[in-house]
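**Q** Here it is: the structure, laid out below.
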Amino acid sequence: MNVHTEEGWHERYEAFRQQLRQHLLALVDVLSPLSGVSPDDLQKLQDAIQHVSGLFSLVVLGEFNSGKSTLINALLGTHLLPEGATPTTDRIHMITHGPVAAIVRRGDDIVEWTYPAEWLRALYLVDTPGTNTIFRQHEERARRFIHRGDILFFLIAANHPFAETDRLYMDLLREFGAKTVLVVSQTDRLGGTDELAQVLAYVRDTARRLFGVDLPVVPVSARLAFQAAEATDPGERRALQAESGMDRIWEIIRRETSAESRARQSLLTSLRVGQWLLNRYRPLVEAQLAQWQEDIEFVGNIEAQLATYQSEAIGRLPLLTARLDATIAQIGERAQQSLQEDYSLGNVGREIARHLLRIPFLSGPPREEKEGALTRFLQVDVPEQLGCLLHDVDASVRREGEAMVRDTVQHVNRYLSPARPALTSRMIGEIRVPASETSPSAELEEATKGLEQALRESELVPFVQRWTALARGAWWRTIAWEVVVLVAALALSYYVRTFVPAEERTQLYIWIVAGALVLGSLALALLPLRRAWARRILHRAIARLQKALQTRITQRVQRQVQRYRDTAETAIAPFGRLVRTEEARLHQNVARINEVEASMLSLEIMLSSEQEG
């Protein structure tokens, strides 16, 4: 018995039904837009979705003249369907419960009947056209109905079991995993029980080889069942009924058509249709992905090369900006030279000679001339050198970038033109070098102004002017201090000579000279300290300038390289978009097929556990 309560299985199966419906609808979304999917298979999928909430079906299959219609009539207890030695069933006959025995709809493929049999309230009975006839459309109609059968009675004539068409049908039943009962019909035509036993053993062995499992095998004689129904003697009726085998058929029908069994088997039927379609079309999806793989790898290779171009172009930046380091070094050298001269002791002497002693040949070049030369170098020569450097860097990057864009477009067009003209027709846009939307000269001028602004922001020129003024003040303070020390020394010497006895003067003169030398040296020692302080500030200013210039040039080159990479990607974008769109779609299809397959497998396990319970 099922371990679940009778009250709970309805809710469980309703949840299962909703899950299965969602999985099948997801499969519709995958297969519908897929090229190469058969309309018949899409119809099978729609049938499976409808069957999730539909009636349980008992389908009778087999060769023509195997007794299918006779078996159904025996189940109904009347000769409702036509019988005969020739193919009498050319369409699908569906029989459901109704108040009277009548045809309610007759179509090209299906004839719908009603019959007042109480057991038909739980299911519908299906008679299919026979196989192995000259009318191939009859056989096709039967084949197209197999996937809708919750339980299949496959009739095998006892006097010629497992004809070739029977084996073909069995292969199809195995593919769908349909629940099948092998009905060995017309057993009354055999010579006796021994022959029947041989036939049944042959059928079981053959079915085991074909299916890999043991299928139920039921011997039946519908003719004997009708004879039993017509017999007046109860003993004779029971004997004929037992010999007909119909009791076993009814036992199977009652077992398989209980409410819970019907619900479970209906879900399994639809689920296995979905699994069959998954197994059928997974190779197609994977094959389509494989067909695009060369294009995917080609686009990936192009993208990788563009990324390599960008990284290599930026990596060569130190080589392109080596002249910048030379210019910065020149700035530092000339500034250091000027600083050294400004705070040198010799400069103090020259200033004394120039301003106090008025000795022209000792004074050297005027200080204003030196200051003007350094300022002109910083304000005129350096910007010119930076402009030339930026122009050369810009030209180098532009030549390489334009060549890269042109070569990329040519490479893609060569790839497409001979072997993939169909792809070109599917692309939105052309693969060509786009026209430049910016003026290189205007961009270069703007970048040059940026470098000049960085030079101004470094405040190197104001710093040079400031340290010159500071140096001049230091000179005069040093001169004034030395004069004060000299005057003081002279005054003390005069005092000593005037008021100090002669025997004591020598020692005092020594102290006066020593003191003057010490105090004078203190003033001169301040000049190197001031020079070291100015040198540190100069180093920081030059480092800031170098960093600012390198940053601006690097940003300029990075923008250029990125623009050329973007231009190349834009040029081949129609092909790249098409390939990436197809790649995403196919990978999504594979992922969704895997997801649906896993969900269906999980649902199948749950339904199987319900059956085992």
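**Q** Can you say whether VAL218 is open to solvent by less than 30 Å² (accessible area, probe 1.4 Å), of a type in the set (Val, Ile, Thr) and not in a helix (DSSP H, G or I), as far as the supplied structure shows?
**A** Yes: the conditions hold for VAL218.
**Q** Quickly run through the stretch 201-215 and pick out the residues that are surrounded by fewer than 19 Cβ atoms within 10 Å (Cβ to Cβ) and either assigned to a helix (DSSP H, G or I) or not β-branched (Val, Ile, Thr) (or both).
**A** The first filter runs over the stretch 201-215 and keeps only residues surrounded by fewer than 19 Cβ atoms within 10 Å (Cβ to Cβ), leaving 201-202, 204-206, 208-215.
Passing the criteria: ALA201, TYR202, ARG204, ASP205, THR206, ARG208, ARG209, LEU210, PHE211, GLY212, ASP214, LEU215.
**Q** For the stretch 66-74, state whether one or more residues are modelled with pLDDT under 90, in a strand (DSSP E or B) and crowded, with 20+ Cβ neighbours inside 10 Å.
**A** no
**Q** Something else: Across the stretch 249-259, which residue is modelled with the lowest pLDDT among those that are open to solvent by less than 30 Å² (accessible area, probe 1.4 Å) and assigned to a helix (DSSP H, G or I)?
**A** Out of the qualifying residues, it is GLU256.
**Q** Is it fair to say ALA178 is hydrophobic (A, V, I, L, M, F, W, C), part of a helix (DSSP H, G or I) and either closer than 24 Å to SER66 by Cα or under 60 Å from the mean Cα position of the chain (by Cα) (or both)?
**A** So ALA178 does not fit the description; no.
**Q** Against the condition modelled with pLDDT of 75 or more and either open to solvent by 30 Å² or more (accessible area, probe 1.4 Å) or of a type in the set (D, E, K, R) (or both), how does ARG350 come out, does it pass?
**A** no
**Q** For the condition in a helix (DSSP H, G or I), touching a residue at least 40 places away in the same chain (Cβ under 8 Å), surrounded by fewer than 20 Cβ atoms within 10 Å (Cβ to Cβ) and not hydroxyl-bearing (Ser, Thr, Tyr), what is the one hit in GLN288, GLN241?
**A** Answer to the selection: GLN288.
**Q** Right, another one. Might you check whether a residue that is in contact with a Gly (Cβ under 9 Å, 6 or more places away or on another chain) and part of a strand (DSSP E or B) occurs anywhere in the stretch 147-154?
**A** yes
**Q** Restricted to the stretch 565-591, and to residues that are in contact with a Phe, Trp or Tyr (Cβ under 8 Å, 6 or more places away or on another chain) and open to solvent by 20 Å² or more (accessible area, probe 1.4 Å), which residue is farthest from LEU416 (Cα to Cα)?
**A** ARG565
**Q** Now for a separate question. Looking at the stretch 95-128 only, could you name the residues that are assigned to a strand (DSSP E or B), out of contact with any helix residue (DSSP H, G or I) (no Cβ under 7 Å at 6 or more places or on another chain), within 16 Å of ASP150 (Cα to Cα) and not hydrophobic (A, V, I, L, M, F, W, C)?
**A** Passing the criteria: only TYR124.
**Q** Under 6 Å between Cβ atoms, which residue pairs at least 6 apart in sequence (or on different chains) link something in the stretch 16-38 that is in contact (Cβ under 8 Å) with a residue 60 or more places away in the chain with a partner that is of a type in the set (Ser, Thr, Tyr) and open to solvent by 20 Å² or more (accessible area, probe 1.4 Å)?
**A** Hits for this filter: HIS23/SER599.
**Q** What number of residues in the stretch 166-191 are surrounded by fewer than 17 Cβ atoms within 10 Å (Cβ to Cβ) and modelled with pLDDT under 85?
**A** The number of residues fulfilling the criteria is 8.
**Q** Got a number for residues in the stretch 29-55 being over 24 Å from the mean Cα position of the chain (by Cα) and either of a type in the set (Phe, Trp, Tyr) or in a helix (DSSP H, G or I) (or both)?
**A** Selection size over the stretch 29-55: 14.
**Q** Tally the residues that are over 19 Å from LEU200 (Cβ atoms), open to solvent by less than 60 Å² (accessible area, probe 1.4 Å) and part of a helix (DSSP H, G or I), restricting the search to the stretch 221-238.
**A** 3
**Q** For the stretch 534-569, which positions are hydroxyl-bearing (Ser, Thr, Tyr) and closer than 18 Å to GLU400 by Cβ? Before the answer, list the steps.
**A** First pass over the stretch 534-569, keeping only residues hydroxyl-bearing (Ser, Thr, Tyr): 551, 554, 564, 567.
Across the stretch 534-569, the qualifying residues are THR554, TYR564, THR567.
**Q** While we're here: Condition test on GLU11, is it buried (at least 21 other Cβ atoms within 10 Å of the Cβ) and charged (D, E, K, R)?
**A** Working: buried (at least 21 other Cβ atoms within 10 Å of the Cβ): no; charged (D, E, K, R): yes.
No, not satisfied.
**Q** Right, here's the next one. For residues in the stretch 260-285 being of a type in the set (A, V, I, L, M) and farther than 30 Å from TRP9 by Cβ, which is least open to solvent (accessible area, probe 1.4 Å)?
**A** Among them, the one singled out is VAL285.
**Q** I'd like the residue in the stretch 412-436 that is exposed (fewer than 15 other Cβ atoms within 10 Å of the Cβ), outside any loop (DSSP other than H, G, I, E, B) and not polar (S, T, N, Q) and, out of all such residues, is modelled with the lowest pLDDT.
**A** Only one residue tops the list, namely ALA419.
**Q** Only one of (1) closer than 30 Å to PRO161 by Cβ; (2) open to solvent by 20 Å² or more (accessible area, probe 1.4 Å); (3) at pLDDT below 90 is not met by PRO33, so which one is it?
**A** Here PRO33 meets the rest and fails (1).
**Q** Under 9 Å between Cβ atoms, which residue pairs at least 6 apart in sequence (or on different chains) link something in the stretch 196-215 that is under 12 Å from THR180 (Cβ atoms) with a partner that is small (Gly, Ala, Ser) and part of a helix (DSSP H, G or I)?
**A** Taking only residues 6 or more apart or on different chains, the pairs are VAL213/ALA207; ASP214/ALA207; LEU215/ALA207.
The values are calculated or read from the model by the stated rules, or taken from the named source; none is laboratory data. Treat the numbers as computed from the prediction; the structure is a model and nothing was measured. So basically every Cβ, Gly included, is an ideal-geometry build from the backbone, and we count neighbours across all protein chains shown. Remember, those area values only see protein heavy atoms, side chains included, never the ligands or the DNA or RNA. Shrake-Rupley method; radii C 1.70, N 1.55, O 1.52, S 1.80 Å.
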